[in-house]
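The structure under discussion appears below in the form of structure tokens.
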Amino acid sequence: MSTKDNNNASEPKKKPWVKPSITPLRSGFLNKSGAARHMIWRDNIDGVPVSKLLEDFKSPLFVVSEHTLRQNSKRLRKAFSTRYPDIMFGWSYKTNYLSAVCNVLHQEGDLAEVVSQFEYEKARGLGVPGNCILFNGPNKTRAILERAVNEGAHIHIDHLDELYLLEDVAKNLGKVVDVAIRLNFDTGYTEQWSRFGFNVESGHAIDAAWRIAASDNLNLVGLHAHIGTFIMEPLAYKAQVKIMNNFMNEVETKTGCVIKYIDIGGGFASMNSLQGIYLPPEQVVPSIEQYAEAICDTLLELTHERETRECRRPTLILETGRAVVDDAEVLITSVVANKHLPDGRRAVVLDAGVNHLFTAFWYNHDVVPTRHLSGRPEETVLYGPLCMNIDVMRNSVMLPPVNVGDTLIFSPVGAYNNTQWLQFIEYRPNVVMVQENGKVSLIREAENLEIVTQQERLPEHLKNPYPKGTPRNFLTTPK
């Protein structure tokens, strides 16, 4: 073979010429830039088109899924009832006290767990009997305690002043009241919520138990503790159960009281993404079954001797809120404007702000468009409409370009938004529920000026804003 042949053999073959073309970058598909996470879109809630929801109820709009709410409740109930023989569930009103949400969960068998006079009256107004209410919280007035005692509510004492007040109420009513005391202690896994209840390590809790045991009008039958919120370590609950079981044994031995139930509160995490945690919730949030296993297996083991002594195991009560309702609700919001920030990032202004979505302060909520978007995803800041620099719905999210009028869905948003939202600058919007039969019901009507101002009272001398005549327009030239 000649040198010329060798040189030709080493040259690469030329590819055939192809006419150049421009192909739109379609979000959701693989391309030379890879596939971004936010290429997903969602155009319906339980089969109801988002466009139809917004046509009927306007933007922004909260949407609750009755089906998801019931399924979450059933899953929680199954996880615990298959692992422990005596379980009760209390729906945490402070998590979401929309009437429709509460009564869905009451229909599933939940008690009402309330922490104030307002929540107590809310539960009674929904038809919940007094004996189906767990009454927690540090601020119980004489009037509401009298009502709760007369209606048979389960009162959990938070501090000594409440103990003395309740004892006096019971004495005046001529009743002996079954009560529980709230405990606080160090599990070694969570920050100690020492502002609530009686501390175990200091001896305050056993002193309170002694005080109740000596009362003619109070009878200690329960122990309650809530060790924190958004707890992602099931071992924390295992430690909680051990401490409460040991205290139960101490109380029964020293005072002669018989503890009928242990209420471990709530705190289970939902599939939301906490700010500062960089792994996705699917990788760090335990399942309901993992929580149940840690709690029930521990309590079964520790209370085994009670059965051998023909002594009844305590009823286990849970007050789960967030893990039941969070992913059962979404917020639909519309794009108002596009901007570019000085640092080059894209910014989008929405018609819903942190006054509606209070949990935006500590969650990076999942955000998806409601239609198929084209264009390269970019880092985007999502702002609400408030004239406040803190009105940031997401500090950073990868999104393709969006137009004015496009809509986005924030989720999960069912926990603590419809209870902590604010009437600030903008009206609070409609809330609807998609029922299991596909029908959509308005469950909270949007505010208007009349609703917002109906509690105000204007003194007579202030009813005329300009008693000396309308001020001159500052833009007009004086004569």
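The values are calculated or read from the model by the stated rules, or taken from the named source; none is laboratory data. As the structure is a prediction and not an experimental result, all values here were calculated from the model. Using ideal geometry, Cβ is built from the backbone for each residue, glycine included, and neighbour counts are taken over all protein chains shown.
Scanning the range 60-97 for residues that are in a loop (DSSP other than H, G, I, E, B) and either among the charged types (D, E, K, R) or crowded, with 21+ Cβ neighbours inside 10 Å (or both) yields 60, 83, 86, 93, 94, 95, 96. Going through (1) touching a Gly at 6+ places or on another chain (Cβ under 9 Å); (2) assigned to a loop (DSSP other than H, G, I, E, B) one by one, residue 188 falls short only on (1).
Only residues that are in contact with a Phe, Trp or Tyr (Cβ under 9 Å, 6 or more places away or on another chain) and of a type outside the set (Val, Ile, Thr) were counted in the range 239-258, giving 5. No other residue among 227, 243, 181 is modelled with pLDDT of 95 or more and part of a helix (DSSP H, G or I) apart from 243. Residue 385 satisfies every condition listed in (1) surrounded by fewer than 17 Cβ atoms within 10 Å (Cβ to Cβ); (2) assigned to a loop (DSSP other than H, G, I, E, B) except (1). Inspection of the range 412-420 identifies at least one residue that is farther than 30 Å from residue 221 by Cβ and out of contact with any helix residue (DSSP H, G or I) (no Cβ under 6 Å at 6 or more places or on another chain). Taken as a whole, the structure leaves residue 168 outside the set of residues that are acidic (Asp, Glu), surrounded by 14 or more Cβ atoms within 10 Å (Cβ to Cβ) and either closer than 29 Å to residue 202 by Cβ or outside the structural domain of residue 200 (by TED's automatic domain parsing) (or both). The single residue among 78, 94 that is within 14 Å of residue 319 (Cβ to Cβ) and basic (Lys, Arg) turns out to be 94.
Within the group 402, 348, which residue is in a strand (DSSP E or B) and either within 24 Å of residue 277 (Cα to Cα) or of a type in the set (A, V, I, L, M, F, W, C) (or both)? Of 402, 348, the one residue that is in a strand (DSSP E or B) and either within 24 Å of residue 277 (Cα to Cα) or of a type in the set (A, V, I, L, M, F, W, C) (or both) is 348. The single condition among (1) loosely packed, with under 14 Cβ neighbours inside 10 Å; (2) assigned to a strand (DSSP E or B); (3) in contact (Cβ under 8 Å) with a residue 24 or more places away in the chain that residue 376 does not meet is (2). Applying the criterion of at least 1 residues that are touching a strand residue (DSSP E or B) at 6+ places or on another chain (Cβ under 6 Å) to the helices (runs of 4 or more DSSP H) found wholly in the range 246-345 leaves 288-302, 322-325. Residues of the range 138-165 that are surrounded by 20 or more Cβ atoms within 10 Å (Cβ to Cβ) and assigned to a loop (DSSP other than H, G, I, E, B): 140, 153, 158. If you go through the range 444-467 one residue at a time, do you hit one that is exposed (fewer than 15 other Cβ atoms within 10 Å of the Cβ), within 26 Å of residue 47 (Cβ to Cβ) and not aliphatic (A, V, I, L, M)? The answer is yes, given that some residue of the range 444-467 is exposed (fewer than 15 other Cβ atoms within 10 Å of the Cβ), within 26 Å of residue 47 (Cβ to Cβ) and not aliphatic (A, V, I, L, M).
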